Amino acid sequence: MNYRFLTIAAMAASMFPVPALMAQEQQELPDSLSSIYGDLDELVIVAKKDIIKSDGANLTYDMSQDASSKGQTLLDALRKVPLVTVDGQDNVYIKGNSNFKVYTNGKDDPMLTANYKTVFKAMPASSVIKIEVITEPGAKYDAEGTGGILNLITETKQTRDGYAGSASLSASNQNLSASLYGRMKQDKVTADINATYANSIFGGSENLQHSTQINTNDDNNYLQDSRMVQKFGFRFANGALNLSWEPSDNDLFSAGADVSWTDLKSGDMKITNSMFSRSGSLIWSVFQDGKAKVNNLDASGNLAYRHNFGRPENSLSFAYRFNFGKSHMGVSYLNSVLEGDRFSVPYEKNDADNYQRQHTVNADYENQFGGKHTLQAGVKGVFRRNSSLNTAVAGLDEENAIPTDASDGHITQVQDVYALYAAYRGIFGKISANAGLRYEHTHMGLDFRDPSFTNFRRDLDDVVPDAAVAYMFGPANTLRLAYQMRIWRPSANQMNPAVFKITDSYANVGNPDLESEHFNSVSLTYSNFGAVLGGNISATYRQSNNSIESFQYVDDGVNYTTYGNFGTNRSFDLSGFLNWNITQKMSASVSGTLTYTDIKASRRGLQNYGWNGNYNISWNYTGPWRMNYSVYGGQSTGNVNLQGKFHGWHYYGVSIKKSFLKDDALSVTVNAGNFFTKYQVYKSESVMDGYRMSSKNRNRNWNVGVSVSWNFGHLKDQVKKADKNLDSDDTKQSGKSGGGMGL
């Protein structure tokens with residue numbers, strides 16, 4: 001027999017671009033291939049897997065293809081994702097907006113949304129397979145989340161029959177992490193389980209904060225200088241189980257449960273607060289020896305059933321999900337006066353406990369007809385009971401501490417959301433269009449234990465439309481115009497009027513009169529993906545007339561942060577990414593966003609505006625002996641808020657990956673990031689009535705590590721989900737264009 005093995009990735013890409021094949025999955029390869037290459041006993045098409053895919057509305061970043069993410073935290077890896085920005089305070093933004101929802105495998109994760117900074121800082125990047133940035137969720141998703149949805153996909157797909165699994169171990173100068181994933185199938189039952197653990201066993205992180213506060217109206221108490229040095233470590237654990245049973249071709253039952261735990265501790269906080277006169281004389285100085293800890297526990301369970309009416313495109317599904325979350329933040333200080341006549345209580349402790357309980361039920365119907373038209377409709381109920389308790393004690397020491405005036409801060413937040421939605425998607429030749437309408441009725445309120453506050457209830461009705469039309473010049477060449485409305489409801493912390501004192505100089509206090517904010521956006525996106533060059537460019541205008549803005553004020557030398565619905569927010573951004581497949585084994589990419597923001601609060605006489613931009617670049621090369629080399633980096637010019645601005649930051653790194661064994665089952669990755677400087681410095685400034693503030697954060701964020709991963713088994717089937725509306729795969733519409741970024 002005449003065996004001929006042919007690798008034709010580059011040739012096939014030039015003849016049939018990958019996005020074109022994706023959009024025409026039902027088409028077969030032309031007979032001309034056989035006529036060109038003769039009788040082939042085996043034809044092997046090697047297609048390079050793209051790290052980034054986008055249709056102009058949603059973007060998917062394939063973490064499994066990013067060797068440089070091995071050994072990093074999820075927060076570090078997010079810096080490389082287009083449309084996502086991570087600032088120096090570990091705040092995450094989607095297209096410049098900090099109000100977004102976090103999903104896990106297509107399901108809303110309220111606890112993770114509320115505490116993402118803590119979890120992302122400890123969560124290994126290797127525990128996430130893909131990151132979806134959903135900027136236009138559409139009517140079938142919850143209307144909440146003005147910036148969109150950040151969907152973390154932790155489930156993997158295998159291509160072999162039988163069982164499958166993977167194990168990995170990573171170690172760096174900052175942390176040690178390990179993960180295990182396994183899946184098996186017996187008859188009509190499929191199950192998978194995964195577990196991840198991480199620990200900052202090798203030293204954790206180090207942080208220095210320096211801030212100054214100038215009171216221009218007081219010559220004596222003119223300049224307050226605060227310095228804090230802290231070291232902190234973390235532990236993170238996560239486990240999940242998924243089951244599915246398919247008794248017939250038209251029926252599917254599924255169930256799942258997951259739990260995650262995060263523990264951050266700082267046993268070494270040294271804080272010095274000093275006050276100077278305008279002439280520079282030291283008035284007083286206080287030293288605080290502090291400890292802090294943050295604990296998060298997040299657990300959920302779900303049940304779902306789906307029935308197909310003879311075909312998958314015509315289905316009805318029902319689902320129930322319960323989420324439970326608990327978070328605790330505690331800080332304690334031993335205080336001493338170094339200079340001057342300044343009263344300082346010797347011991348104080350502040351604790352904040354938050355609980356989240358959420359029940360979600362939904363029913364969804366989908367029907368595709370004529371091969372080009374799809375109708376979707378559904379109902380959903382979300383029932384939340386969140387509570388918050390702030391306590392504060394002070395005294396000569398821990399044994400003799402008594403509650404202070406700020407102790408009685410217990411509140412319960414009631415929030416019930418009832419939703420109806422309908423959506424349509426159709427294809428008319430080269431034109432595709434979709435439109436949706438969602439109605440949400442919200443019953444919300446707060447109950448206070450403190451009788452000095454009055455319980456209240458409020459009912460909100462929101463009609464949230466969306467629409468888009470796209471013209472396809474070719475299989476991989478599209479122009480898309482879209483409109484989207486999104487809302488954001490205030491959290492319990494933002495509404496809690498109790499004062500939570502962080503240090504002697506900083507405190508947080510909520511506003512119980514907050515209402516939901518509304519954002520409208522219009523975007524125009526052009527996408528063009530070819531065999532060699534591919535990418536898209538998008539222009540978006542967004543506005544809100546009642547945005548929730550944080551603002552600062554000073555009272556008796558303490559800087560308070562609170563919130564109000566007094567903002568008008570206008571922004572315009574130009575974003576895009578470009579990938580260049582230089583050769584079959586080499587690629588380069590760049591992505592970036594340029595944004596102009598104008599924020600006003602007329603009732604307070606505040607306004608701020610300005611430009612900011614960020615970019616990411618990368619280079620990938622696969623050399624001999626199955627060696628993969630990656631170089632990446634990025635920079636941001638900073639951002640503006642209502643009362644000030646954040647200065648810019650940058651990052652960079654390299655990685656080398658070597659694969660072994662058949663099908664690259666074993667791989668070893670060495671990576672290094674920000675290794676030329678031991679510390680990264682982030683600066684911010686703000687101005688308020690009579691006060692000017694500046695702060696500087698210095699973080700030790702250089703990272704050098706090694707990661708080993710092993711894939712085993714040969715299972716082909718993935719655990720199926722009965723609830724299509726919550727399935728992460730539903731965000732990937734057929735015909736979505738892809739462009740590799742090689743980050």
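The values are calculated or read from the model by the stated rules, or taken from the named source; none is laboratory data. In this text, all values refer to a predicted model and were calculated from it rather than measured experimentally. Every residue, glycine as well, gets a Cβ built from its backbone with ideal geometry; the counts of neighbours run over all protein chains shown. Side chains are part of the model used for accessible areas, which takes the heavy atoms of the whole protein and leaves out ligands, DNA and RNA. Shrake-Rupley method; radii C 1.70, N 1.55, O 1.52, S 1.80 Å.
Quick one: Karplus J couplings for the stretch 512-524, per residue in order, coefficients 6.51, -1.76, 1.60, θ = phi - 60°, nearest Hz, x for Gly and Pro?
Using θ = phi - 60°, the values come out as x, 8, 5, 10, 5, 9, 10, 10, 10, 9, 10, 9, 10 Hz.
With the Cα gyration tensor of the stretch 171-219 giving a ≥ b ≥ c as the square roots of its eigenvalues, does the rule (a/c under 1.5 for rounded; else a/b larger than b/c for prolate; else oblate) give rounded, prolate or oblate?
oblate
Counting every Cα pair in the stretch 226-318, what percent are over 20 Å apart?
Details: 2822 of 4278 pairs.
Counting every Cα pair in the stretch 226-318, those more than 20 Å apart make up 66 percent.
How would you classify the stretch 53-212 from its alpha-carbon gyration tensor, with a ≥ b ≥ c the square roots of the eigenvalues: rounded for a/c under 1.5, else prolate if a/b is greater than b/c, otherwise oblate?
Numbers: a/c = 2.04, a/b = 1.16, b/c = 1.76.
Verdict is oblate for the stretch 53-212.
Could you list, in their original order, any pairs among 101/658; 117/265; 117/293; 80/585 whose Cα atoms are separated by more than 25 Å?
Details: 101/658 36 Å; 117/265 14 Å; 117/293 14 Å; 80/585 21 Å.
Exceeds cut-off: 101/658.
I need the phi-derived Karplus couplings for the stretch 211-222: 6.51 cos²θ - 1.76 cosθ + 1.60, θ = phi - 60°, integer Hz, Gly and Pro marked x.
9, 10, 10, 10, 9, 5, 9, 9, 6, 7, 8, 8
Pick the calculated semi-axes √(5λ) of the Cα gyration tensor in Å for this structure from (i) 46, 30, 26; (ii) 38, 33, 26; (iii) 63, 43, 28?
(i)
Tell me, what is the FRET efficiency for residue 201 and residue 291 to the nearest 0.05, using R0 = 22 angstrom and their Cβ-Cβ distance as r?
Details: r = 20 Å, r/R0 = 0.90.
So, using R0 = 22 Å, E works out to roughly 0.65.
Note down the accessible area of residue 241, probe 1.4 Å, to the nearest 10 Å².
80
Over the stretch 331-388, what is the mean sequence separation of C-alpha contacts under 8 Å (at least six apart), divided by residue count, expressed as relative contact order in percent? Can you show the working numbers first?
On the way: 73 pairs, mean separation 18.5, N = 58.
32 percent.
To the nearest 0.05, how large is the calculated FRET efficiency for residue 458 and residue 568 if R₀ is 22 Å and r is the Cβ-Cβ distance?
Numbers: r = 22 Å, r/R0 = 0.99.
The formula returns an efficiency of 0.50 here.
Per 0.36 nm of contour for each residue apart, how much would the distance between residue 278 and residue 338 grow if the chain were fully extended, relative to their Cα-Cα spacing? Please list the in-between numbers first.
Numbers: separation 60, 0.36 × 60 = 21.60 nm, distance 2.01 nm.
Gain on extension, residue 278 to residue 338, equals 19.6 nm.
Would the stretch 82-136 count as rounded, prolate or oblate if I go by the C-alpha gyration tensor, calling it rounded below 1.5 in a/c and otherwise prolate when a/b exceeds b/c, oblate otherwise?
rounded
At most 10 other C-beta atoms within 10 Å and a DSSP loop state: those are the exposed chymotrypsin sites (Phe, Trp or Tyr not before Pro) I care about. Give me the longest piece of the chain that has none. Before the final figure, lay out each step's value.
Details: sites that count: 3, 5, 343, 676.
Between the exposed loop sites, the longest stretch runs 6-342.
With point charges of +1 on the Cβ of Lys and Arg and -1 on the Cβ of Asp and Glu, referenced to the Cα centre of the stretch 569-726, which listed residue (649, 605, 581) lies farthest in the positive direction of the dipole?
Most positive-ward Cα: 605.
Of the trypsin sites (Lys or Arg not before Pro) in the stretch 187-293, which ones lie in a loop per DSSP and count no more than 15 other C-beta atoms within 10 Å?
On the way: sites: 188, 227, 231, 235, 265, 270, 278, 291, 293; in loops: 188, 278.
Listed in order of number, the matching sites are 188, 278.
For the chain, calculate the relative contact order in percent as a whole number, restricting contacts to Cα pairs under 8 Å that are 6 or more residues apart. Don't skip to the answer; put the middle values down first.
Working: 2183 pairs, mean separation 107.4, N = 743.
Relative contact order, the chain: 14 percent.
Along the charge dipole of the chain, pointing to its positive end and built from +1/-1 on Cβ of Lys, Arg, Asp and Glu, which listed residue (510, 476, 226) has its Cα farthest out?
476
Just to check, using Stokes-Einstein with a Kirkwood Rh over alpha carbon pairs, what's the diffusion coefficient of the stretch 600-687 at 25 °C and 0.890 mPa s in µm²/s? The partial results should precede the final answer.
Working: Rh = 16.5 Å.
The estimated diffusion coefficient comes to 149 µm²/s.
As an exercise, use a Förster radius of 60 Å and the Cβ-Cβ distance of residue 243 and residue 607 to find the FRET efficiency, rounded to the nearest 0.05. Please report the intermediate quantities before stating the final value.
Details: r = 55 Å, r/R0 = 0.91.
The formula returns an efficiency of 0.65 here.
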